Every structure is written in structure tokens, then in C-alpha cells.
Amino acid sequence: MKKLVLALSLVFLVAAAAISQFTFYLIDNFESGEFTEGAKWWRFGGLKAEITRNISSEAKDLIAESCGEYSLNLSGQTQDWYVGGIGTELGVDAAGYSRFQIDIYGNNEYSGKLIVEFFDDDNNNYTIEQDPKKNYEATKDDKWVAEVNIQGKGFTRTSIPFTAFRDVNPGGGDDFWNPDQKNGSGGLLKLQLVAITEKQQGKVNFKIDNLLLTF
């Protein structure tokens with residue numbers, strides 16, 4: 001009987017693990033403790049990026065606990081709103097997901113906005129064409145954007161449905177959210193995160209963790 005119970009438990013455990021593999025797509029949680037610019041991620045503008053250790057909270061905080069040991073600290077200053085950003089290649093079929101999720105640790109002194117940018121492949125070549133003469137805007141594929149307000153001190157979990165993203169380059173692609181890999185399309189090709197200050201001349205200083213696509 002004990003062997004039967006153990007066998008059934010293993011079956012359920014394997015099944016649960018298999019299902020969990022399809023419930024979300026992890027972009028990064030920075031638990032490697034490293035951030036190498038030019039490998040998985042690139043950086044642009046004046047935004048500084050560095051891995052930092054998370055501080056344990058004395059109070060019970062499930063979001064903070066899920067952030068593990070490390071997160072990515074983003075900081076910088078500007079004279080005209082825009083600080084800079086980071087980006088990463090995705091190349092994933094995102095048709096089975098409905099939202100983007102991110103945990104953000106704010107700073108009471110410096111706040112602002114995080115602009116989330118997704119690019120889907122509309123001309124079926126696994127590449128985002130960009131025009132350097134027009135601020136590197138996508139010319140053949142859609143660029144989808146949503147804004148997140150950076151909250152005060154402590155981790156805040158933000159989940160943005162893809163329906164909340166807006167197409168900011170109409171006519172560049174086909175103007176439809178279609179991040180699937182079919183008919184030669186590369187699906188959802190790229191993610192960029194851009195930091196904007198609260199005041200025209202200001203600073204940002206915050207941490208991000210647990211970036212993922214989910215239902």
C-alpha cells in the first residue's frame with residue numbers, strides 16, 4: 001500500500017511539474033547573480049544596471065520571498081525625463097500567454113515610470129528592422145507599449161494584460177497583436193524596459209525581478 005501511495009504521489013508530482021512548465025515563460029529572475037551586458041541583456045542610454053542582493057524582510061512578504069536572493073538594480077538621472085533602458089531577445093511563441101508580470105522594488109526618494117516595450121515579428125524573418133534616423137523605431141514590425149508607475153519602497157507585483165498594450169508605430173507592422181510562431185513568424189522577438197523620471201530633471205533608482213509571461 002505504501003508503495004502504491006508513493007507511486008501515485010510521484011505521478012502527481014511529475015504531472016504538476018509538466019503543467020507548470022506551460023503556465024509561464026520565465027524571461028529572467030537574475031538568480032545567477034550576474035548581469036553581463038551584451039550577452040542576454042543589452043543596455044542603452046544613461047541607465048545603470050547591476051545585480052544586488054535582496055534584503056530579507058522581517059514581516060511575512062510572499063512577493064519578496066519569491067524574489068529570491070538577487071534582483072537587478074536600475075538607476076540613473078536625466079535633464080529631460082528619459083534615462084535609458086535595457087533589452088533582451090525573446091524569440092518565443094507567446095500565443096499561449098495573456099499577460100506580462102514583473103516585480104518592482106521602488107524607492108521613496110526617486111520615483112518615475114517603467115515603459116514596457118514588446119516587438120512581434122510581422123514580416124516573418126526573425127528580425128526587428130529599426131531606423132537609426134528615427135530613434136531606432138521599428139519599421140516592419142509592431143511595437144507594443146505599456147507604462148508601469150514605480151511605487152514606493154518594497155516589492156510590488158505588477159501584471160499587465162497584453163490587451164493593455166498599445167501599438168505605437170501604426171503602419172510599421174500589421175497593427176495586430178500576433179506573437180505566435182507560425183507561417184514563418186518569429187513570434188515575440190524582443191522586450192525592452194525604459195526608465196522615465198517623475199520630474200523633467202530627476203533620478204530613478206529601483207529594482208526589478210521575476211520577469212515572465214503568464215496566463
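The values are calculated or read from the model by the stated rules, or taken from the named source; none is laboratory data. Everything numeric in this text was worked out from a predicted model, so none of it was measured. Quick reminder, even Gly has a Cβ in these numbers, built from the backbone with ideal geometry, and neighbours come from all protein chains shown.
Checked against the criterion of being among the basic types (Lys, Arg), in a strand (DSSP E or B) and either farther than 20 Å from Ala94 by Cβ or at pLDDT 95 or above (or both), the candidates Lys133, Lys203, Lys140 yield just one match: Lys203.
Does Ala94 satisfy being in a strand (DSSP E or B) and either touching a helix residue (DSSP H, G or I) at 6+ places or on another chain (Cβ under 9 Å) or in contact (Cβ under 8 Å) with a residue 60 or more places away in the chain (or both)? So Ala94 does not fit the description; no.
May I ask you to verify whether Leu72 is over 23 Å from Pro161 (Cβ atoms), outside any loop (DSSP other than H, G, I, E, B) and either touching an Asp or Glu at 6+ places or on another chain (Cβ under 8 Å) or hydroxyl-bearing (Ser, Thr, Tyr) (or both)? Here the answer is yes, as Leu72 does meet what is asked.
When the range 148-176 is examined, which residues are found to be more than 19 Å from Gly85 (Cβ to Cβ) and among the hydrophobic types (A, V, I, L, M, F, W, C)? Passing the criteria: Phe155, Phe162, Ala164, Phe176.
How many of the residues making up the range 31-69 are over 19 Å from Leu191 (Cβ atoms) and hydroxyl-bearing (Ser, Thr, Tyr)? Residues that pass the stated criteria total 4.
Checked against the criterion of being of a type in the set (A, V, I, L, M, F, W, C), within 20 Å of Phe44 (Cβ to Cβ) and touching a strand residue (DSSP E or B) at 6+ places or on another chain (Cβ under 9 Å), the range 167-176 has at least one qualifying residue. Pairs are defined by a Cβ separation below 7 Å, a sequence spacing of at least 6 or placement on different chains, a first member in the range 52-65 that is closer than 12 Å to Asp103 by Cα, and a second member that is modelled with pLDDT of 85 or more and assigned to a strand (DSSP E or B); the pairs so defined are Ile63/Asp103; Ile63/Phe155; Ile63/Arg157; Ala64/Phe155.
Would you confirm, using the coordinates I've provided, whether Ile115 is within 30 Å of Lys60 (Cα to Cα), at pLDDT 95 or above and of a type outside the set (Ser, Thr, Tyr)? So Ile115 fits the description; yes.
Results for (1) over 19 Å from the mean Cα position of the chain (by Cα); (2) loosely packed, with under 15 Cβ neighbours inside 10 Å; (3) closer than 17 Å to Leu193 by Cβ, shown as yes or no for each residue.
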position	(1), (2), (3)
Trp81	yes, no, yes
Glu109	yes, yes, no
Asp131	yes, yes, no
Asn135	yes, yes, yes
Lys143	no, no, yes
Asp167	no, no, no
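Applying the condition of being buried (at least 16 other Cβ atoms within 10 Å of the Cβ) and in a loop (DSSP other than H, G, I, E, B) to the range 145-165 and asking which residue is modelled with the lowest pLDDT yields Gln151.
Restricting attention to the range 133-147, does a residue exist that is touching a Leu at 6+ places or on another chain (Cβ under 8 Å), free of Cβ contacts under 8 Å to residues at least 60 places away in the same chain and closer than 19 Å to Gly87 by Cβ? Steps first, answer last, please.
Initial filter on the range 133-147 (touching a Leu at 6+ places or on another chain (Cβ under 8 Å)): 141, 147.
Among the residues that remain, those that are also free of Cβ contacts under 8 Å to residues at least 60 places away in the same chain are: 141, 147.
Subsequent filtering for residues that are closer than 19 Å to Gly87 by Cβ retains 141, 147.
Yes - at least one qualifying residue is present in the range 133-147.
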